[in-house]
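Please treat every number below as a calculation from the coordinates, not as lab data. Because the structure is predicted, anything quoted here is derived from the model rather than measured. For neighbour counting, all protein chains shown are included, and Cβ atoms are generated from backbone atoms with ideal geometry for every residue, glycine included.
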Amino acid sequence: MTELWFCIIIFVSSLGAGLLGALSGLGGGVVIVPLLTIVFHVDIHYAIGASLVSVIATSSGAAAAYVREGFSNIRIGMFLEIATTFGALFGAWLTTKAPTQIIGLIFGIVLLYSAYVSLKVKHEVITQEADALAMKLRLLGSFPTENGEQAYVGQRVPLGFGMMWMAGVLSGLLGIGSGAVKVIAMDQAMRLPFKVSTTTSNFMIGVTAAASAGLYLRSGYLAPGLVMPVMLGVLGGSLIGSRLLVRAPVRTLKVVFSLLIIAMGIEMIINSVRRM
Amino acid sequence: MSWNDKRIEIWVAIMLRTGVLIAAAMVLIGGVLYVAQSHDRPSDYRQFHGEPAQYSTLRGAATGIRTLEPRSIIMLGLLVLIATPVARVGMCVAGFLLERDRLYVGVSGLVLLILLYSLFWHR
């Protein structure tokens, strides 16, 4: 395969991943690594590097659209980024030490978990109960609804903070955005409204990923010839996807994409266990 | 208009999008040149070797860019991309300073320190 063809095929696949990721709300990053390793036989370290870069691009590229909606909470995001960036530093360090089979195995489990989370029916619990720590850190806010402003106060801050640290570790270890874990830390652990959780999570993903980028660069994970088509493809796909979102059959796409993720997760687990 | 969270966020979002567009343009230009110059050399990412210093250090990328080497142009685009979330946190520090919110100047300052440490720390 020549360089030109390799670039074109990788670009088109990444475009598809970005498109599906944006339409299903699962993010394109989570399928880039299995796509590159299973289909194109790319070494997992190069795949993780290319994925992390495209995660930063999509998170920063989508930020403008989220801010306009007025749901994201800059204080909650910034406070929890202390946890995710510390976690990412540790995760990125781990990925330079851990054997590739272990990374592949953890990746497979995270894929299955992401699919499970996206298919599960969610229950939203919004509370204005005064949580002492949340009040002190001002982890509260309000967002516009049809019936006026809805106020909320974060709960169980230490639990949310701990889960965010874990999300950071997974982001650094696997080169993904860890959006699924971040959203759960906010809407399940901290009882924040779902819209606030998803938009704030998108805002945090880029910063979390940037914390791993330095170590990835120094460890030689960022191969320019591979990162180029992946980053441009995922970014382009997610921008197109977010425009189509209003008209797309989101529920069906979510199911299709989740099944794809489950298949890739099983493949990665089997592959990793076999090579142990 | 006084300083408030919403204004910081809009400011930040515009900066993020500009950063991503500049980075994507650089990666695209470098990519076109790269493919044009090495179109029949097969690529191999099956084995991990780790990229050479030219593509894994700031100094290497800076040296390569002087000769307009395609992959160094891509690399520089990636560095711009990595810098955008860092700049975002820097702008939040500035925004919270203008809001006179000492607690969150501290919080965002700490996040900025972690990011700078991760980018510039060498073993």
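Details
- Dividing the Cα radius of gyration of segment B:63-123 by its Kirkwood radius returns 1.17 for Rg/Rh.
- Per residue of peptide B:17-30, the mean number of Cβ atoms on other chains within 10 Å of the residue Cβ is 4.
- Rg(Cα)/(2.2 N^0.38 Å) for the protein assembly as shown, N = residue count: 0.94
- Where only alpha carbons of segment A:1-53 are counted, the Rg and the Dmax (Å): 11.0, 34
- Under 26 Å from the Cα of A:LYS195 - lysines, other chains or at least 8 residues apart: A:LYS120, A:LYS122, A:LYS136, A:LYS182, A:LYS254, B:LYS6
- Compared with the dominant principal axis of the Cα atoms in chain B, helix B:5-37 is inclined by about 10°.
- Eigenvalues of the alpha-carbon gyration tensor of segment A:137-179, scaled by 5 and square-rooted, set the equivalent ellipsoid semi-axes at 29, 14, 6 angstrom, largest first.
- Euclidean distance between Cα centres, segment A:179-226 to segment A:69-110, Å: 6
- Only alpha carbons enter this Debye calculation for segment A:170-270, each as an equal point scatterer, and the log10 of I(q)/I(0) it gives at q = 0.18, 0.24, 0.25 Å⁻¹ is -1.26, -1.39, -1.36.
- Relative to the longest principal axis of the Cα atoms of chain A, helix A:44-69 runs at roughly 30 degrees.
- Residues whose placed amide H lies under 5 Å from that of A:GLN150, excluding near-sequence neighbours: A:PHE143, A:THR145
- Prolate is the label for segment B:1-116. Its Cα gyration tensor axes, ordered a ≥ b ≥ c, give a/c of at least 1.5 and a/b above b/c.
- Radius of gyration and maximum dimension Dmax of segment A:69-201, Cα, Å: 15.7, 53
- Between A:GLU69 and B:ARG59, the modelled label-to-label distance comes to 4.6 nm, taking each label 7 Å out from Cα in the direction of the beta carbon.
- The residues B:HIS49, A:HIS45, A:HIS123, when put in order of fewest to most other Cβ atoms within 10 Å, stand as A:HIS123, B:HIS49, A:HIS45.
- Peptide ranges B:11-19, A:245-253, A:223-231 listed from the most packed, as the mean C-beta count within 10 angstrom indicates: A:223-231, B:11-19, A:245-253
- Normalised by the number of residues in segment A:108-256, the mean separation of alpha-carbon contacts (under 8 Å, six or more apart) gives a relative contact order of 20 percent.
- Cα point-scatterer Debye curve for segment A:49-144, base-10 log of I(q)/I(0) at q = 0.20 Å⁻¹: -1.33
- Rounded to the nearest 10 degrees, the angle from helix A:3-24 to the longest Cα principal axis of chain A is 20 degrees.
- The simple Förster model, with R0 at 22 Å and r as the Cβ-Cβ distance, assigns A:GLN128 and B:ILE10 a FRET efficiency of 0.25.
- Share of Cα-Cα pairs in segment B:33-94 lying beyond 12 Å, as whole percent: 74
- Measuring max minus min along each principal axis, the C-alpha atoms of segment A:3-116 give extents of 42, 32, 29 Å (largest first).
- The ranking of A:LEU235, B:LEU28, A:LEU244 by Cβ neighbour count inside 10 Å, starting from the fewest, reads A:LEU244, B:LEU28, A:LEU235.
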